[in-house]
Amino acid sequence: MSPEKLIYQANQIARFFHSKPHAEGVAGVAEHINKFWEPRIRRQFFELIDAGGKGFDEFVLEAAPAIRRPQADAA
Amino acid sequence: MSLIQEADYGTPASKAEKQVKLTVDGKPVSVPEGTSIMRASMEAGIEIPKLCATDMLDSFGSCRVCLVEIEGRNGTPASCTTPVGDGMVVHTKSDRLDAIRKGVMELYVSDHPSGFGEKAGTGASEFDHVISLVGLAENRYGVEGRNHVGADNGDGVAPGNGSLTIDYMVKDESNPYFTYDPSQCIVCSRCVRACADVQGTFALTVEGRGFESRIVASMNENFVDSECVSCGACVQACPTDALREKSVLEKGMPDRSVVTTCAYCGVGCNFKAEMKGDDVVRMMPYKAGKANHGHSCVKGRFAYGYASHPDRILAPMVREKITDPWREATWEEALARAASEFKRIQTKYGRGSIGGITSSRCTDEETYLVQKMVRQGFGNNNVDTCARVCHSPTGYGLNTTLGTSAGTQDFDSVEACDVMLLIGANPTDAHPVFASRMKKRLREGAKIIVIDPRRTDLVRTPHVEAAYHLPIKPGTNVAILTGLAHVVVTEKLYDEAYIRDYCDRDAFDDWAEFVSDPLYSPEETAKVCGLDDPEMIRQAARLYATGGNAAIYYGLGVTEHSQGSTAVMGLANLAMATGNLGKNGVGVNPLRGQNNVQGSCDMGSFPHEFPGYRHIAIDSVRKIYEDLWGVTLDKEPGLRIPNMLDAAVDGTFKGIYIQGEDILQSDPDTKHVAAGLAAMECVVVHDLFLNETARYAHVFLPGSTFLEKDGTFINAERRINLVRKAIEPRARYADWEATQELARAIGLDWNYTHPSEIMDEIAATTPTFAGVTFDLLEREGSIQWPCNEKAPLGTPVMHIDGILRGKGNFVRTEYVATDEKVGPRFPLLLTTGRILTQYNVGAQTRRTGNSVWHEEDRLEIHPHDAEDRGIRDGDWVRLASRTGATTLRALITDRVATGVVYTTFHHPETQANVVTTEFTDWATSCPEYKVTAVQASPSNGPSEWQIEYEELSRQTRHRVNVEAAE
């Protein structure tokens, strides 16, 4: 997936959770990504986060620590 | 197996609770109050001759054949119009009755060319049956009736239109599926009433009086040119051969039948497949079918010819490269090739480099096997289904709010509905049999609110007029739903008691505060949604909240948006707030697109969940399957279809097994799908035809139609319907067998001998299906899940005495405008949909007589927009978006508002999905098919893509020693 598309989709999820109270919203973003994003996508996600996370919504950045890092052999 | 004859009781069943006792010909009978004598007699096993009566229709009392005698009453009343009374003593046979009936029939016969001879027609109609029932043996009046050709010319051929007999009308053979022979007609008006009362189209009428009385379609037009929607209810109702299936006239009456379930839309109609040998003569709607009650549409009843179409591929095929010609292979060779390729790919690129797609057209058992093969055999969760592109937001939205991923009601519930809120669905085209039920209820006085950018039929059609039509701008569903909620909350129209008892109070308070913001007032909402009159939003909300039982019906116009899941939650919010759940006549009802989209979702076709919507990360659930299947299962979610294509382009996804889905034609952003498929090393397509996706395939496995297999489909009301094999699989294997063979080829030890064994496995592992067996389905006809210890016969209406989730969860639904925005280059909004006679990508319906009604996809455009661009009706138009361009012909109509254009996607040449965007629902990746910013301009030829595609098509479709398909 292109980085732009991945960032866009993460921010789209965050946009929904913005209508929730802050902590709940951040937790919601993490839960959603953990539940539905395949390890390859999460790996790419962390590559972008580790490179500074430019372009991500604040909820996504805050949620990142609660998102599971994929294990090396997955995928 | 013999021909199943469903008894015709003559008049509909009474729903009264009070029983009435009477005797008929000495036999005691007890029936509900309000039952006709005709029906009571039939229930006692005594058939009264009848012509104008049938139990699909209210009694009419015109034919005078069904007369009876009642002790203590004068005369001979018609049994169809006379209700039973307590203690009544009825006689259906006497010399007097015999004489009257014979006299009546003799008159009919004198103006009827067949019946008394066997010159024309089938000689096997109800009319012929009644003649023998009344024992008519002579005709003293001759057969020179005024409405048919002279007796000398009894072969039914007219020497000119009415030249010998003044009232003669030639046969109308314009409809591809049935003929209308006016000379056979007895003007009983069953067809007229079926068209009006059952179908609700009002296309037929009786023209003229006395001998000149004729049934005519619309303004005395040919059937095919009239308003007739070819549902066939009139043909089914006709007691003579006046309206008769062409297939019956060609092949004769069928001699055996099998009850099965239609494989088109999510209504899930039951049919009797009526056959002669292995030849399907006709599909007759099954009266005992609980979804359709004996009705059908033009697709289910007539459009089954694709099953025997010469384009069907009946042998497996293989090739090295997609530019090679296809070569026929044995099943063994094709399966071995697929299996060895999948293994090679996994060894080289990793466990997650392959996956599968289950089909929402196939049975539950078949989709279950595909996801099982992926999880058990491939060792990953890379399985998805076409529900991804239609109703995945329904699952997410309803699960979040109510705790189940399914509609709340049965279809019969509409009979108790007072207010319908129809949003983003066009049932008269996409779910026609249920639309007829809606129209019937609307004629009885229920009201309907239609929210749709287009003026669909239910906005205004004979005897139906929407109370409110809100033609919102495509993409603003969430805004309008929040606007409606604003009115419900600020005017305190919500159901305080329901919320207190059944919903999460904090969630409600939070939501109520959110929607009360003046930002969501009707005035502001109208601006966002492009509506002229804010007051209409207010009135619609009041009607929904206070008009009695209110039911929401919705379709893909809600789900296929970047906020699809949010909109579904918005619908559930409204239903919970107004207490419209958990009883008859209410609810949140998704109208499912495909025959088994509900079932394929139920069967664990999604990459994150097992059957019964249980997440794969839940250890206890994984253990159930690990113990049964003897493997360790992956607890990470797999790839969704769009992710698979992304991963393919990235080089990490290399092989796929696609069961009955044409992703290249049906998924958005065709170029991206094509690039993904082209990047794969082994694409296995399992389908009836060489579909568009097959152009990129290396192995082709021939599929079986619904007529060729056993199994179950689950319709939009969670109804598990049996599919029964009518004929042997034409390509050797039913689809479940083909998948099983593939699974064996990759080393799995599967030994199912019948789909019922697969269902047993589903029941044993899925709590909501715990009680389901084929035996139970045989016994009950069908069952709505959940079916378990608590509900051994299933659950027609959900959330009774409490919402399944525990407490209903209100969710804030903030409107976020889609990023697919109009601008100077792309000033119009394109939205897409279906037409009655065609179905989805058209692979089936285009291969039937239905093409008479829809030869091509057209672009609907408002006269103002057309004039601005110099586009005339029928002109070729170039339709361009940021994604791509295509050409199609214009249809100028004010059904669409200015600024909005609309098209269908039934024809591959149109390539509508070259144009659609790649934006998707935030939660489920369901594509935003319903909103694309486009420009339309006059054109004189196909787009570059269409030309390239045609060339590719030529290159990738040829077969060795076989004529090219299509």
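Collect the residues in region A:24-60 that are in a helix (DSSP H, G or I) and either more than 13 Å from chain B (Cβ to nearest Cβ) or among the aliphatic types (A, V, I, L, M) (or both), keeping them in residue-number order.
Answer for region A:24-60, where residues must be in a helix (DSSP H, G or I) and either more than 13 Å from chain B (Cβ to nearest Cβ) or among the aliphatic types (A, V, I, L, M) (or both): A:V26, A:A27, A:V29, A:A30, A:I33, A:I41, A:F46, A:L48, A:I49, A:D50, A:E58, A:V60.
Which pairs have Cβ atoms under 6 Å, sit 6 or more apart or on different chains, and link a residue in region B:599-610 that is at the interface with another protein chain (Cβ under 9 Å from one of its Cβ atoms) to one that is crowded, with 24+ Cβ neighbours inside 10 Å and outside any loop (DSSP other than H, G, I, E, B)?
Cβ pairs passing all conditions: B:P607/B:V383; B:P607/B:D384.
Looking at region B:827-842, can you tell me whether even one residue there is of a type outside the set (D, E), farther than 30 Å from B:L571 by Cα and free of Cβ contacts under 8 Å to residues at least 40 places away in the same chain?
No: zero hits.
Of the residues in region B:404-422, how many are in contact with a Gly (Cβ under 7 Å, 6 or more places away or on another chain) and either in a strand (DSSP E or B) or more than 25 Å from B:R361 (Cα to Cα) (or both)?
Number satisfying all stated conditions: 5.
Would you check if there is a residue in region B:822-831 being surrounded by 21 or more Cβ atoms within 10 Å (Cβ to Cβ) and in contact with an Asp or Glu (Cβ under 7 Å, 6 or more places away or on another chain)? Step through it out loud before you land on a result.
If we filter region B:822-831 for residues that are surrounded by 21 or more Cβ atoms within 10 Å (Cβ to Cβ), which is where we start, we get B:828-831.
Narrowing further to those that are in contact with an Asp or Glu (Cβ under 7 Å, 6 or more places away or on another chain): B:828.
Yes, because at least one residue in region B:822-831 is surrounded by 21 or more Cβ atoms within 10 Å (Cβ to Cβ) and in contact with an Asp or Glu (Cβ under 7 Å, 6 or more places away or on another chain).
Can you tell me which residues in region A:61-73 are facing chain B (nearest Cβ under 10 Å) and surrounded by fewer than 17 Cβ atoms within 10 Å (Cβ to Cβ)?
A:R68, A:Q71, A:D73, listed by residue number.
Find the residue count for region B:901-939, including only residues that are under 21 Å from B:V478 (Cα atoms), more than 14 Å from chain A (Cβ to nearest Cβ) and among the small types (G, A, S).
1
Which residue, of B:E950, B:E918, is part of a loop (DSSP other than H, G, I, E, B) and either under 21 Å from B:R825 (Cβ atoms) or free of Cβ contacts under 8 Å to residues at least 12 places away in the same chain (or both)?
Checking each option against the conditions leaves just B:E918.
Taking B:C390 and the conditions (1) closer than 30 Å to B:G266 by Cα; (2) within 14 Å of chain A (Cβ to nearest Cβ), which numbered condition does it fall short on, given that it satisfies the others?
Against the list (1) closer than 30 Å to B:G266 by Cα; (2) within 14 Å of chain A (Cβ to nearest Cβ), B:C390 comes up short only on (2).
What is the one condition in (1) at pLDDT below 95; (2) surrounded by 24 or more Cβ atoms within 10 Å (Cβ to Cβ) that B:G232 does not satisfy?
(1)
Can you name every residue in region B:804-824 that is facing chain A (nearest Cβ under 8 Å) and basic (K, R)?
The one that is facing chain A (nearest Cβ under 8 Å) and basic (K, R): B:R812.
Pick from region B:565-590 the residues that are of a type outside the set (S, T, N, Q) and within 14 Å of chain A (Cβ to nearest Cβ): which of them is nearest to the chain's Cα centre (by Cα)? Spell out how you get there, then give the answer.
Kept after step one, since they are of a type outside the set (S, T, N, Q), are these residues of region B:565-590: B:567-572, B:574-577, B:579, B:581-583, B:585-588, B:590.
Next cut, within 14 Å of chain A (Cβ to nearest Cβ) only: B:567-570.
Details: B:A567: 23, B:V568: 21, B:M569: 24, B:G570: 25 Å.
Across region B:565-590, the extreme among qualifying residues is B:V568.
Quick check, is B:Q371 surrounded by 24 or more Cβ atoms within 10 Å (Cβ to Cβ), touching a residue at least 40 places away in the same chain (Cβ under 8 Å) and over 24 Å from B:M438 (Cβ atoms)?
Values: surrounded by 24 or more Cβ atoms within 10 Å (Cβ to Cβ): yes; touching a residue at least 40 places away in the same chain (Cβ under 8 Å): yes; over 24 Å from B:M438 (Cβ atoms): yes.
Answer is yes for this residue.
With respect to B:A446, determine if the residue is free of Cβ contacts under 8 Å to residues at least 40 places away in the same chain and buried (at least 24 other Cβ atoms within 10 Å of the Cβ).
Details: free of Cβ contacts under 8 Å to residues at least 40 places away in the same chain: yes; buried (at least 24 other Cβ atoms within 10 Å of the Cβ): yes.
In short, yes.
Could you pull out every one of the helices (runs of 4 or more DSSP H) wholly within region B:450-564 that has 2 or more residues that are buried (at least 22 other Cβ atoms within 10 Å of the Cβ) and within 34 Å of the chain's Cα centre (by Cα)?
It comes to B:477-490, B:522-529, B:534-546, B:556-559.
All but one of (1) over 25 Å from the mean Cα position of the chain (by Cα); (2) more than 14 Å from chain A (Cβ to nearest Cβ) hold for B:L369; state the number of the condition that does not hold.
All conditions are met except number (1).
Any residue in region B:274-293 that is closer than 30 Å to B:K635 by Cβ, of a type in the set (K, R), modelled with pLDDT of 95 or more and buried (at least 24 other Cβ atoms within 10 Å of the Cβ)? It would help to see each step written out before you state the result.
So the first thing to find is which residues in region B:274-293 are closer than 30 Å to B:K635 by Cβ, and the list is none.
For region B:274-293, residues closer than 30 Å to B:K635 by Cβ, of a type in the set (K, R), modelled with pLDDT of 95 or more and buried (at least 24 other Cβ atoms within 10 Å of the Cβ): absent.
Among the listed residues B:K671, B:K654, identify the single one that is at pLDDT 95 or above and among the basic types (K, R).
Testing whether each residue is at pLDDT 95 or above and among the basic types (K, R) leaves just B:K654.
Which one of the conditions (1) under 26 Å from B:L645 (Cβ atoms); (2) within 10 Å of the chain's Cα centre (by Cα); (3) more than 9 Å from chain B (Cβ to nearest Cβ) does A:Q9 fail to meet, given that it meets all the rest?
Failed condition: (3).
Please work out if B:L748 is touching a residue at least 12 places away in the same chain (Cβ under 8 Å) and either assigned to a strand (DSSP E or B) or within 27 Å of B:L677 (Cα to Cα) (or both).
Yes: the conditions hold for B:L748.
Report, by residue number, each residue of region B:885-915 that is closer than 19 Å to B:H854 by Cβ and part of a strand (DSSP E or B).
Answer for region B:885-915, where residues must be closer than 19 Å to B:H854 by Cβ and part of a strand (DSSP E or B): B:T886, B:T887, B:L888, B:R889, B:A890, B:L891, B:I892, B:V896, B:V901, B:Y902, B:T903, B:T904.
Hey, can you tell me all the residues within region B:18-37 that are within 37 Å of the chain's Cα centre (by Cα) and part of a loop (DSSP other than H, G, I, E, B)?
B:K18, B:E33, B:G34, B:T35
Take the residues in region B:62-110 that are hydroxyl-bearing (S, T, Y) and within 23 Å of B:I186 (Cα to Cα), then tell me which one is surrounded by the fewest Cβ atoms within 10 Å (Cβ to Cβ).
Within region B:62-110, the first condition is being hydroxyl-bearing (S, T, Y), and the residues that meet it are B:62, B:76, B:79, B:81-82, B:92, B:94, B:108, B:110.
Checking which are within 23 Å of B:I186 (Cα to Cα) leaves us with B:62, B:76, B:79, B:81-82, B:108, B:110.
Values: B:S62: 17, B:T76: 18, B:S79: 31, B:T81: 17, B:T82: 20, B:Y108: 25, B:S110: 15.
Looking at residues that are hydroxyl-bearing (S, T, Y) and within 23 Å of B:I186 (Cα to Cα), I get B:S110.
Go through region B:1-43 and count every residue that is closer than 15 Å to B:G87 by Cβ and hydrophobic (A, V, I, L, M, F, W, C).
7
Just to be sure, is B:T848 surrounded by 21 or more Cβ atoms within 10 Å (Cβ to Cβ), out of contact with any Asp or Glu (no Cβ under 7 Å at 6 or more places or on another chain) and farther than 22 Å from B:V914 by Cα?
Details: surrounded by 21 or more Cβ atoms within 10 Å (Cβ to Cβ): yes; out of contact with any Asp or Glu (no Cβ under 7 Å at 6 or more places or on another chain): yes; farther than 22 Å from B:V914 by Cα: yes.
Criteria met by B:T848.
Being over 27 Å from B:D172 (Cβ atoms) and of a type outside the set (S, T, Y) is the filter here; which residues of region B:249-261 pass it?
First, the residues of region B:249-261 that are over 27 Å from B:D172 (Cβ atoms): B:255-261.
If the condition is that a residue be over 27 Å from B:D172 (Cβ atoms) and of a type outside the set (S, T, Y), then B:D255, B:R256, B:V258, B:V259 are the ones that fit.
Here are B:G557, B:G593: which of them is modelled with pLDDT under 95 and over 30 Å from B:V374 (Cα atoms)?
B:G557
Can you tell me which residue in region B:323-358 is farthest from the other protein chains (Cβ to nearest Cβ), limited to those that are farther than 20 Å from B:T652 by Cβ and among the β-branched types (V, I, T)?
Filtering first and then ranking leaves B:T330.
If I filter region B:794-808 for residues that are in contact with a strand residue (DSSP E or B) (Cβ under 8 Å, 6 or more places away or on another chain), surrounded by 16 or more Cβ atoms within 10 Å (Cβ to Cβ) and under 30 Å from B:V528 (Cα atoms), do I get at least one hit?
For region B:794-808, residues in contact with a strand residue (DSSP E or B) (Cβ under 8 Å, 6 or more places away or on another chain), surrounded by 16 or more Cβ atoms within 10 Å (Cβ to Cβ) and under 30 Å from B:V528 (Cα atoms): present.
Residues of region B:69-91 being touching a Lys or Arg at 6+ places or on another chain (Cβ under 9 Å) and of a type outside the set (S, T, Y), which ones?
Answer for region B:69-91, where residues must be touching a Lys or Arg at 6+ places or on another chain (Cβ under 9 Å) and of a type outside the set (S, T, Y): B:E69, B:A78, B:C80, B:V84, B:D86, B:G87, B:M88.
The values are calculated or read from the model by the stated rules, or taken from the named source; none is laboratory data. On a predicted model such as this, the values are computed, not experimentally measured, just so you know. For neighbour counting, all protein chains shown are included, and Cβ atoms are generated from backbone atoms with ideal geometry for every residue, glycine included.
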